[in-house]
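The values are calculated or read from the model by the stated rules, or taken from the named source; none is laboratory data. From a predicted model like this one, the values you see are computed outputs, not experimental measurements. Methodologically, a virtual Cβ is constructed for each residue, glycine included, from the backbone with ideal geometry; neighbour enumeration extends over all protein chains shown. Quick note on the areas: whole protein, heavy atoms, side chains included, nothing else; ligands and nucleic acids left out. Shrake-Rupley method; radii C 1.70, N 1.55, O 1.52, S 1.80 Å.
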Amino acid sequence: MASGSARYLRYILFAIFGLTVVYFISSSSTPTLSGSTSAWTGIPVKAGTAPESAATGTTPNPPPALPPATADGARMNATFVTLARNSDIWEIARSIRQVEDRFNRKFHYDWVFVNDQPFDETFKKVTTSLVSGKTHYGQIPKEHWSFPDFIDEGRAEKVREDMAQRQIIYGDSISYRHMCRFESGFFFRQPLMMNYEWYWRVEPSVELFCDIDYDPFKYMADHKKKYSFVLSLYEYVETIPTLWDSTKKFMKEHPEHIAEDNSMGFLSDNGGETYNNCHMWSNFEIGNLNWLRSKPYIDYFNSLDRDGGFFYERWGDAPVHSIAAGLLLQKDEIHFFDDIAYYHVPFTHCPTGEQRRIDLKCHCNPKDNFDWKGYSCTSRYFEINNLKKPEGYEAEMD
Ligand SMILES: Nc1nc2c(ncn2[C@@H]2O[C@H](COP(=O)(O)OP(=O)(O)OP(=O)(O)O)[C@@H](O)[C@H]2O)c(=O)[nH]1
Ligand SMILES: *[C@@H]1O[C@H](CO)[C@@H](O)[C@H](O)[C@H]1NC(C)=O
Ligand SMILES: [Mg+2]
């Protein structure tokens with residue numbers, strides 16, 4: 001009797017085992033990588049895209065069941081975002097690989113790619129294969145990447161010729177100006193970005209040097225942060241001669257938008273009379289999209305846009321974002337991510353302090369750290385926020 005029921009049990013276990021094997025074999029066919037499109041303008045991109053994702057611009061790439069994004073299982077409403085050209089593919093591939101290896105392979109956040117041209121199949125295939133979350137591809141509408149009607153294009157052309165003569169970097173470029181204006185005023189209100197509250201901007205050819213074992217989006221939310229940076233420096237003044245005049249005009253017109261406890265001390269050495277050119281570098285940003293979509297920020301952008309400096313000078317999105325964060329946010333809403341070690345040509349942020357670098361498995365050379373050097377503004381950030389500089393910073397000052 002005992003041996004008989006044991007035999008039945010063996011038969012049942014064997015049958016379950018067999019069914020499991022059959023199930024796994026039948027369900028492990030790989031998903032296809034084609035089929036992404038532009039959801040930007042609502043117009044599907046041509047070129048052999050799969051119809052089922054045409055409406056959303058989403059690739060059917062990621063594994064169906066994602067593990068919890070954070071320790072307590074709360075997934076943030078967040079995405080990576082990259083503006084890129086098709087020709088940037090191998091440079092952005094390097095950046096994605098780094099972000100995935102150091103962070104996103106454990107979190108699987110989505111990635112939104114935007115472009116003024118349709119993305120090609122290679123770009124979509126390669127990026128979809130590298131990103132561990134969902135990928136989305138959008139095409140920027142013409143209105144966000146062209147001269148607005150209030151701009152005098154003849155005057156803008158003369159400026160470019162003059163800047164070319166004076167050899168101001170990107171001074172003769174039209175597309176660089178569209179890029180700066182887009183990043184200043186439009187990336188956060190593209191249809192695909194409206195689905196998210198938080199963003200992390202990634203550019204081609206950047207590097208990450210330390211493990212990121214926690215969720216920076218959640219950190220931002222938990223600590224009521226709206227904007228963040230890893231590197232800060234002085235802007236090239238030739239590109240923004242009248243940006244501060246425009247800003248002062250805006251402050252006068254909209255005193256209601258200026259935060260009480262702002263970071264004016266980071267931006268100006270004389271209480272706001274002149275700009276000291278300090279800004280947070282915007283090729284890395286983790287920030288709150290709803291802040292950028294808020295009335296204060298939009299009023300600021302529109303006011304600058306009307307003044308024309310994106311085209312009559314060469315205003316960068318970095319000083320624009322920084323001045324906005326410095327004046328419209330309370331100073332404790334801006335975060336310095338010391339533990340996100342980062343490189344974008346030609347500057348490096350590498351955390352100060354050996355134990356910290358060991359704990360985070362960093363591979364940056366501490367000698368390359370830019371934070372405490374003369375051309376960095378990060379000391380000012382520490383000073384206005386009464387933060388203690390890390391042990392050993394003096395040794396990295398030159
Ligand atoms: N789609 C598109 N993306 C662009 C264009 N120009 C720049 N970008 C992207 O905009 C971002 C900033 O451009 P970059 O050329 O990196 O500008 P930068 O960081 O000031 O200068 P670099 O030192 O050259 O990196 C990058 O993500 C680029 O891929 C363009 O004409 N079209
Ligand atoms: C994510 O944030 C956007 C913008 O605030 C919002 O419209 C959307 O409903 C949010 N999604 C979820 C799942 O909370
Ligand atoms: Mg760049």
Please list, in chain and number order, the residues 5+ apart from D110 or on another chain whose amide H is under 5 Å from its amide H, with Hs placed from the backbone. F80, K134
Decide, for region 224-331, between rounded, prolate and oblate: order the square roots of the alpha carbon gyration tensor eigenvalues as a ≥ b ≥ c, take rounded if a/c falls under 1.5, and otherwise choose prolate if a/b is larger than b/c, else oblate. rounded
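At R0 = 25 Å, how high is the FRET efficiency between I169 and E391 if r is their beta carbon distance? Nearest 0.05 is fine.
Efficiency computed from Cβ-Cβ geometry: 0.10.
Starting from 0.36 nm per residue, how many nanometres of slack lie between D261 and M194 once their C-alpha separation is accounted for?
21.2 nm
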Carbon/sulfur fraction of accessible area - region 78-385, other protein chains in place, 1.4 Å, %: 48
What figure, in Å² to the nearest 10, do you get for the accessible area of S268 with a 1.4 Å probe and non-protein molecules left out? 10
Lysine pairs meeting the criterion (Cα under 23 Å, 8 or more apart or interchain), as found in region 288-398: 9
Sorted on mean Cβ neighbours within 10 Å (highest first), peptides 254-265, 232-243 come out as 232-243, 254-265
Calculated FRET value between Y214 and N77, using beta carbons and R₀ = 25 Å, to 0.05: 0.90
Once each part is reduced to its C-alpha centroid, what is the distance from region 322-381 to region 74-132 in angstrom? 23
Checked region 112-241 with the C-alpha gyration tensor, a ≥ b ≥ c its square-rooted eigenvalues, rounded below a/c of 1.5, otherwise prolate if a/b is larger than b/c and oblate if not; verdict prolate
I want to check the label-to-label distance for D245 and F147. Put each point 7 Å from Cα in the C-beta direction and report it in nm to one decimal. 2.1
